[in-house]
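Take a look at the structure below.
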Amino acid sequence: MTAPSHPWIGWIIFFWILAGIVFYTFIGYPAALLILSRLRPREVRRGSGTPFVSIVTAAHNEAACIRATIENKLSLDYPADRREVIIVSDASEDGTDAIVREFEDRGVRLIRQDERRGKSAALNLGLESAMGEIIVFSDANSIYERATLRELVRAFDDPSVGYVTGKMVYTHPDGSTVGEGCSAYMRYENRLREWETKVGSIVGVDGGVDAMRRSLYRPLRPDELPDFVIPLRVTSAGYRVIYEPAAVLREATTSRPADEYRMRVRVALRALWALREAPGLLNPLKYGLFSWQLFSHKVLRYAAFAPLLLLLIVNAVLALEPGIYRILFGAQIAAYGAGIAGLLLSRRSSLPRILSIPYYFILIQAASCHAVLKLAAGRRIVVWNPRTG
C-alpha cells in the first residue's frame, strides 16, 4: 500500500520552487559570482596614458545644473589639450544653450538638436563630430571626482577592454526614503559589478560615468537605452565591459517617489526591449558565461515581481495550517508592511533603513511589473523630462 499524500504537498512544492527562484535571483547569483571571482579571476591591465577623450553630454532643459557640470569637467585632473567637452542640446528651451555658449572660449562645443528626439539621438549627433579615441558619456547633472577621468581611461591599456563604467554614488543629504533606498540599491549593484568584472564582463551600466572605444560605437535608434544597448554591443563584439570603482560620480537622488518610479519604469522598459530584440545574447553556446550573467542579473531581476507575488499568495494558502508556513507568511507581511509604511511616510526625512529599504525594493518590483505590461502593449519611450534631485 502506498502512503497517502499530504493534502498540501502540491502547494508546498510550488512554494519552495518560488522561494528558490527568489533566493537565487537576489542571493544565489551574487554568491555564485563571488565564488567564481575567487576561483578564476580575470585581471585588467591598467596604464597611465592620456588618450584624447571626448566628453559627450545630452541635455534637455538642464539650465539648473549644466553650468556646474561643465565647470566640473573642465576642472578634472586631465590635460586640457587631451580632452574636449561636447554638449548636445536636445531642443532645450530654458536657457541651457546660452549657458553652454559662455564656455565656448574654453573649448566647450554646443551642438543643438532642433527637434526634440531624445538622449539616444542626441548622442548619435554628438558622436558625429567627436574627435576622441575614447568617448566618455556624462549626464547633465553628473559631478565627477577630480581623478575620475584618468581612472576611467586607464583600463583601455588592456586591448580586451572595450567599455568602462565608474562608480555612481547617490547622495541624499535630506535623508529621504527614496534616497536611502536608492543608495543601498547602488551599493548592492556595485558589489555585483566588482565580481562580474573579475569573472569577465559586467551586465548593465549607469550611463553617467562611462567610457568606450570610439571605434566600437554604432548609432542608436531613438528608442534604444544607451546604458544597456551599447555595453551589450561591445560584449557581442568580443570586448570586455568592466567596472572601475576608482572613477567616482556623485549624483543627488530624487526625493520624490513619483520621479524615481517613472525613472525605474523607463529604464526597465527600454532594457526589456533590448533583451527582446537581442535574444541571441542569452545563448550560452555562443556567449558562454555572459549568457548566464545576463539571464540571472537582468531577465530574472526584471521578472522577480512575478515569483514574489506568487510566493505571497501561496504562502497565504499554506498559512491556513499552523506551523512554519504561518511564521514565514508573518515575516513576508512584516517586510511588505515595512515597505508600505515607508511609502506612507516617504515625505518625511531620516527614516530608518528598516522602512526605506523595503519600500525601495517594492518600488523597483512595481516599476518592473509596469514595464513588462508596457512591453506587452508594445509601448516604447524615446523622450522624458530630466530627473531632479
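The values are calculated or read from the model by the stated rules, or taken from the named source; none is laboratory data. For clarity, every value in this text was computed on a predicted model and none was experimentally measured. Cβ placement follows ideal geometry from the backbone for every residue including glycine, while neighbour counts extend to all protein chains displayed. Accessible surface is based on the protein model in full, side chains and every heavy atom, while ligands, DNA and RNA are left aside. Shrake-Rupley method; radii C 1.70, N 1.55, O 1.52, S 1.80 Å.
How much length is gained on full extension from residue 332 to residue 256, taking 0.36 nm per residue of separation minus their Cα-Cα distance?
Roughly 24.8 nm would be gained on extension.
Scan (1) 35; (2) 27; (3) 45 for the value of percent of Cα pairs over 33 Å apart calculated from this model and give just the label.
Working out percent of Cα pairs over 33 Å apart from the coordinates points to (1).
Provide the per-residue ³J(HN,Hα) series for segment 41-51, in order, calculated from phi with Karplus coefficients 6.51, -1.76, 1.60 and θ = phi - 60°, each as a whole number of Hz, with x at glycine and proline positions.
x, 9, 7, 10, 7, 10, x, 10, x, 10, x
Residue by residue through segment 278-294, what is 3J(HN,Hα) from phi via Karplus (6.51 cos²θ - 1.76 cosθ + 1.60, θ = phi - 60°)? Round to whole Hz and write x for glycine and proline.
Values, residue by residue: 9, x, x, 5, 8, 8, x, 5, 9, 10, x, 4, 4, 4, 4, 4, 4 Hz.
Can you send over the solvent-accessible area of residue 71, 1.4 Å probe, protein chains only, in Å² to the nearest 10?
Rounded to the nearest 10, the figure is 90 Å².
Cβ neighbours within 10 Å, averaged per peptide: list 137-148, 22-33 in order, most packed at the top.
Going by the mean number of other Cβ atoms within 10 Å, highest first, we get 137-148, 22-33.
Calculate the spin-label point distance for residue 9 paired with residue 246, positioning each point 7 Å from the Cα along the beta-carbon direction, and give it in nanometres.
Result: 6.0 nm between the two label points.
Quick one: compute the contact order of segment 273-355, relative version, from alpha carbon pairs under 8 angstrom and 6+ residues apart, as a percent.
Rounded, it is 13 percent for segment 273-355.
Just to verify a number: FRET efficiency for residue 215 and residue 171, C-beta to C-beta distance, R0 = 41 Å, to 0.05? Write out the running numbers ahead of the final one.
Numbers: r = 35 Å, r/R0 = 0.85.
Approximately 0.75, to the nearest 0.05.
Please compute the length gained on full extension between residue 26 and residue 114, using 0.36 nm multiplied by the number of residues separating them and subtracting their Cα-Cα distance.
27.3 nm
Suppose each label sits 7 Å from its Cα in the direction of the beta carbon; what would the residue 236-residue 276 distance come out to in nanometres?
In this crude spin-label approximation the distance works out to 1.6 nm.
How high is the relative contact order of the chain, in percent, counting Cα pairs under 8 Å that sit 6 or more residues apart?
21 percent
Where does the chain land at 222 nm, in deg cm²/dmol rounded to the nearest 500, when only DSSP H runs of n ≥ 4 count, each adding -39500 (n - 2.57), divided by all residues?
After summing the helix terms and dividing by residue count, I get -15000 deg cm²/dmol.
Got a number for carbon plus sulfur as a percent of segment 1-136's accessible area, 1.4 Å probe?
Solvent-exposed carbon and sulfur of segment 1-136 make up 57 percent of the total.
Set the Förster radius R0 to 56 Å, insert the Cβ-Cβ distance between residue 17 and residue 105 as r into 1/(1 + (r/R0)^6), and round the FRET efficiency to 0.05. List each step's numbers first, then the result.
Details: r = 64 Å, r/R0 = 1.15.
It comes to 0.30.
Lysine pairs, Cα distance under 21 Å, 8 or more residues apart or cross-chain: how many in the chain?
Number of lysine pairs found: 9.
With the cut-off at 1.5 for a/c, could you classify segment 32-191 from its C-alpha gyration tensor as rounded, prolate or oblate?
Oblate, since a/c reaches 1.5 and b/c is not below a/b.
Counting DSSP beta bridges with both partners in the chain, what percentage is antiparallel, nearest 5?
30 percent
Within 15 Å, Cβ to Cβ, of residue 296, how many net charges do the neighbouring residues add up to if Lys/Arg are +1 and Asp/Glu are -1?
Values: positive: 191, 193, 298, 301; negative: 189, 196.
Summing Lys and Arg as +1 and Asp and Glu as -1 gives +2.
How high is the relative contact order of segment 221-297, in percent, with contacts defined as C-alpha pairs under 8 Å that are six or more residues apart? Before the final figure, lay out each step's value.
Numbers: 32 pairs, mean separation 25.0, N = 77.
Relative contact order comes out at 32 percent.
Along segment 14-29, what does the Karplus equation 6.51 cos²θ - 1.76 cosθ + 1.60 (θ = phi - 60°) give for ³J(HN,Hα), rounded to whole Hz, x for Gly and Pro?
4, 4, 6, 5, 5, 4, x, 5, 5, 4, 4, 4, 9, 10, x, 4
If you place +1 on the Cβ of every Lys and Arg and -1 on the Cβ of every Asp and Glu, how big does the dipole about the Cα centre of segment 61-133 come out, in debye to the nearest 20?
Values: 11 positive and 16 negative charges, 29 e Å.
Its charge dipole is roughly 140 debye.
Using alpha carbons only, how many angstrom separate the centre of segment 92-136 from the centre of segment 278-313?
Distance between centres, Cα-based: 36 Å.
Quick check on segment 198-252: take the gyration tensor over C-alpha atoms, sort the square-rooted eigenvalues as a ≥ b ≥ c, and tell me if it's rounded (a/c under 1.5), prolate or oblate.
Cα axes put segment 198-252 in the oblate bin.
In Å², what does the accessible area per residue of the chain work out to with a 1.4 Å probe?
Heavy-atom accessible area per residue stands at 45 Å².
Where the eigenvalues come from the Cα gyration tensor of segment 77-149, what are the semi-axes √(5λ) of the equivalent ellipsoid, largest first, in whole Å?
The answer is 21, 14, 12 Å, longest axis first.
Need one number: the % of Cα-Cα pairs in segment 240-359 sitting beyond the 23 Å mark.
56 percent
Residues with beta-carbon under 9 Å from that of residue 249, excluding residue 249: net charge, scoring Lys, Arg +1 and Asp, Glu -1?
That works out to -2.
For the residue pair residue 82 and residue 38, what label-to-label distance in nm results when each label sits 7 Å from Cα along the Cα-to-beta-carbon direction?
Taking the two extended label points, one gets 3.8 nm.
For residue 138, what is the net charge nearby, where nearby means another residue's Cβ is under 9 Å from its Cβ and Lys, Arg count +1, Asp, Glu -1?
So the surrounding residues net to -1.
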